[in-house]
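For reference, the structure discussed in these notes is given below.
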Amino acid sequence: MKSYRFLIDVNLPKNFGFFNSNDFEFVIDINGKWPDKDIWEYARQNQLVIVTKDSDFYHRSLLNQDDVKVIYLKLGNLLLRDLHIYFIKNWDAIISHLDDSKMIIAYQTSIETIVL
């Protein structure tokens, strides 16, 4: 599997232990006021996978032919503790689909992929 780096959208917590590594960049650290198109372009230029709860990136991914990959989290409102548990249990399964998927949709009980 290829090594990936991730761009964490502003709708996810920055001070979240799971994201505490060099594999993660945060939109809030770059420009928290960027519109989605600028986030998309930054991810494309820097070969980052967008991790988001924003459905706009779901639609953009379906319509766009760029090579930007998206992990779309449809988890509802989880406490930080529950979100951390979810990531510990499911992150490896989620990223295992990145090589052959354009988008991964993560639910609390399942993972869907949209293939390239």
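We did not get these values from a lab; they are worked out from the coordinates using the rules stated. All values reported here derive from a predicted model rather than from experimental measurement. Note that we place each Cβ from the backbone using ideal geometry, even for glycine, and neighbour counts take in every protein chain shown.
What to note about this one:
- From phi via Karplus (6.51, -1.76, 1.60), per-residue ³J(HN,Hα) for region 50-66 in Hz, x at Gly/Pro: 7, 10, 8, 10, 8, 5, 4, 6, 4, 5, 4, 5, 5, 8, 9, 8, 4
- L7 long-range amide H proximity, modeled H, under 5 Å: E25, V49, I50, V51
- For the chain, the number of Lys pairs separated by eight or more positions or lying on different chains, with C-alpha atoms closer than 25 Å, is 29.
- With bins 5 Å wide beginning at 0, the percent of Cα pairs of region 63-116 falling in each bin runs 5, 19, 31, 21, 14, 8, 3, 0.
- Modelled spin labels at S21 and I88, positioned 7 Å past Cα toward Cβ, are 1.5 nm from each other.
- For q = 0.17, 0.19, 0.21, 0.29 Å⁻¹, Debye-computed log10 I/I(0) when each Cα of region 51-93 counts as one equal scatterer: -0.56, -0.66, -0.75, -1.03
- Contact order for region 72-116, expressed relative to its length and based on alpha carbon pairs under 8 Å spaced 6+ residues apart, stands at 41 percent.
- Order of F6, F18 under a 10 Å beta carbon neighbour criterion, fewest first: F18, F6
- Taking amide hydrogens as placed 1.01 Å from N in the peptide plane, the amide H of K102 sits under 5 Å from those of I114, V115, L116, each at least 5 positions away in sequence or on another chain.
- Backbone N under 18 Å from the Q65 label point (7 Å along Cα→Cβ), restricted to region 78-109: 102-103
- Length-normalised contact order of region 5-115 in % [C-alpha pairs under 8 Å, at least 6 apart]: 23
- Translational diffusion of region 20-98, estimated by Stokes-Einstein from the Kirkwood radius over alpha carbon pairs at 10 °C in a medium of 1.306 mPa s, is 115 µm² per second.
- Here the residues R81, R60, ranked from fewest to most Cβ neighbours within 10 Å of their Cβ, fall in the order R81, R60.
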